[in-house]
Amino acid sequence: MIDHTHDPALQSWVESANREDAEFPIQNLPYATFRKRGDEQPRLGIAIGDMLLDAGEAFELQSMQHAMSLPRVERTGVRRRVSSYLTRYSTGAERHLHPISEVDLLLACEIPDYTDFYASLHHATNVGRMFRPDNPLLPNYKWVPIAYHGRASSVVVSGTPFRRPSGQIRPDAACPPVYAPCRLLDYEVELGAFLGPGNPIGEPIPIESAEDHLFGVCLLNDWSARDIQSWEYQPLGPFLGKNFATSISPWVVTIDALEPFRCPTPARPEADPSPLPYLSSSSGTFRITLEAWLRSAKMPGPVRISNGDFSSMYWTLAQMIAHHTSNGCPLRRGDLIGSGTVSGPEKQNRGCLLEIAESIELPTGERRRFLEDGDEVILRGYCDAPGFRRIGLGECRGTILSAH
């Protein structure tokens, strides 16, 4: 529900939040887990401009898990109180603020489980056409949100470097496979969603209340070893080609902050089946722009590779949650789901190198078909709509180190 906290004229006594280019204006208020340097105790923060409000000190919210465990109506109430606190200055309020540049941003929370979906029709079609030119989509795609269970232990916060994975690859179909470093390393532009409070085992979450369990969203890069993946994925799907690293941004933008950017889901072609009743919803989706940037070790700054719109996805976050629990599967606070690669109808909307399907020339003259050691991929995101203040999702960065 849109309320006074979304008023584009609203301003904060934290001056940096009022700048036109601020990612975290008073209308945003994303959460992050942080640690003051020299202090081992993680704290829950709320971003405002270039500062973090200590939510434990100011509002007795001690952790991200605490916030995630609250019913949605209570989370909305917290947002309204925080907005009021940061709009109307009270003596001494600044003592609860910390400059973002002077703290360490951590993983949002301990993640119990991670599930990655495959919700973009454009991505599924583009990739499927490479392997099945005459039949790119499998028969179930337009009926069911496809997903696989990822590895929560290898989800890392933005800025964490990772080593190029090794595994079984088969570069020559006429020869046996070999164990070697991945040669076809890729990124995937995704939207992550943190869940909470969750449901008991055996009790599905109805589509009508699915968003009550959607705490907020973040940027997610599901790094992919394409040559390992292509050899191993049949018959059970991704494994070592995916589970070596997944990077997420530290900022969790709440579903309440996203309300002004809600929009209808794209109309399905007449030939497509309507969602089954348990997946049928009129709640729509969210207009979120997601960008991929690339910087090689020789480049002073990154160059944009792609931009896409989350609202083009075939399946919504609510449908993903409803389907995930439709068999009685319990979701827990802090669970993470990935949307799958966010791609669109145009070439500049393709959210991974596999899908771009051609070599990219960088400003240095270097070329990239897949990622090289020393490359850094940066995901950026924002929401923009007429009549509302633009809000940002921050950045998600990851740099590739050489294989062991």
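The values are calculated or read from the model by the stated rules, or taken from the named source; none is laboratory data. Keep in mind the model is a prediction, meaning the values are calculated, not measured. Positions of Cβ are backbone-derived with ideal geometry, glycine not excepted, and every protein chain shown enters the neighbour counts. What goes into the accessible areas is simple: the full protein's heavy atoms, side chains included, and nothing from ligands, DNA or RNA. Shrake-Rupley method; radii C 1.70, N 1.55, O 1.52, S 1.80 Å.
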On the given criteria, is Ser84 buried (at least 20 other Cβ atoms within 10 Å of the Cβ) and among the hydroxyl-bearing types (Ser, Thr, Tyr)? no
Would you check which residues across segment 232-270 are basic (Lys, Arg) and not in a strand (DSSP E or B) and list them? Lys242, Arg268
Requiring at least 2 residues that are among the hydroxyl-bearing types (Ser, Thr, Tyr), the strands (runs of 3 or more DSSP E) wholly within segment 14-74 are 31-36
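Residue-by-condition table, conditions (1) at pLDDT 95 or above; (2) of a type in the set (Asp, Glu); (3) open to solvent by 20 Å² or more (accessible area, probe 1.4 Å); (4) not in a helix (DSSP H, G or I):
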residue: Thr76; (1), (2), (3), (4): yes, no, yes, no
residue: Tyr89; (1), (2), (3), (4): yes, no, yes, yes
residue: His98; (1), (2), (3), (4): yes, no, yes, yes
residue: Asp104; (1), (2), (3), (4): yes, yes, yes, yes
residue: Gly128; (1), (2), (3), (4): no, no, no, no
residue: Leu137; (1), (2), (3), (4): no, no, yes, yes
Any residue at all in segment 177-197 that's more than 21 Å from Asn243 (Cβ to Cβ), in a loop (DSSP other than H, G, I, E, B) and at pLDDT 95 or above? yes
Restricting to segment 199-231, give me the number of residues that are open to solvent by less than 20 Å² (accessible area, probe 1.4 Å) and outside any helix (DSSP H, G or I). 14
Please give the number of the condition Leu121 fails out of (1) in contact with a strand residue (DSSP E or B) (Cβ under 9 Å, 6 or more places away or on another chain); (2) buried (at least 20 other Cβ atoms within 10 Å of the Cβ). (1)
Output the residues belonging to segment 11-26 that are buried (at least 23 other Cβ atoms within 10 Å of the Cβ) and among the polar types (S, T, N, Q). Ser12
Pick from segment 304-330 the residues that are in a loop (DSSP other than H, G, I, E, B) and under 18 Å from the mean Cα position of the chain (by Cα): which of them is nearest to Ser69 (Cα to Cα)? Thr316
